[in-house]
Amino acid sequence: MSNSRSADIVESLKNEILGGRFQQGERLPSERDLAVRFESSRGAVREALSQLETLGVIQIQPGGARVQAIE
């Protein structure tokens with residue numbers, strides 16, 4: 001799994017969330033859908049989602065990742 005690939009996904013999703021494309025509480029697309037969109041492995045997507053959760057931007061729950069409130 002490529003760290004730079006997951007970093008690209010983190011940056012893209014973070015910008016979309018902060019830019020308002022995804023609203024607080026909204027579910028992000030599935031790992032599979034994100035992997036297709038970013039032409040990447042699900043592992044890279046999973047790593048990116050984990051990093052976004054660490055940053056406090058999303059919360060990973062059963063059934064998907066949801067956007068957190070941004071202070």
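The values are calculated or read from the model by the stated rules, or taken from the named source; none is laboratory data. From a predicted model like this one, the values you see are computed outputs, not experimental measurements. A quick note on method: Cβ atoms are made from the backbone with ideal geometry, for glycine too, and the neighbour counts reach across all protein chains shown. Protein only, heavy atoms only, side chains kept; ligands, DNA and RNA dropped before computing areas. Shrake-Rupley method; radii C 1.70, N 1.55, O 1.52, S 1.80 Å.
This table checks each residue for (1) in contact with a Pro (Cβ under 6 Å, 6 or more places away or on another chain); (2) more than 18 Å from residue 54 (Cβ to Cβ); (3) without any contact (Cβ under 8 Å) to a residue 12 or more places away in the chain.
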site	(1), (2), (3)
8	no, no, no
11	no, no, yes
15	no, no, yes
20	no, yes, yes
23	no, yes, no
31	no, no, no
34	no, no, no
38	no, yes, no
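Screening 43, 56, 20, 25 for residues that are assigned to a helix (DSSP H, G or I), of a type outside the set (A, V, I, L, M, F, W, C) and more than 10 Å from the chain's Cα centre (by Cα) leaves exactly one candidate, 43.
Conditions tested, residue by residue: (1) open to solvent by 50 Å² or more (accessible area, probe 1.4 Å); (2) among the hydroxyl-bearing types (Ser, Thr, Tyr); (3) under 16 Å from residue 3 (Cα atoms).
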position	(1), (2), (3)
15	yes, no, no
26	yes, no, no
33	yes, no, no
41	yes, yes, yes
45	no, no, yes
48	no, no, yes
54	yes, yes, yes
63	yes, no, no
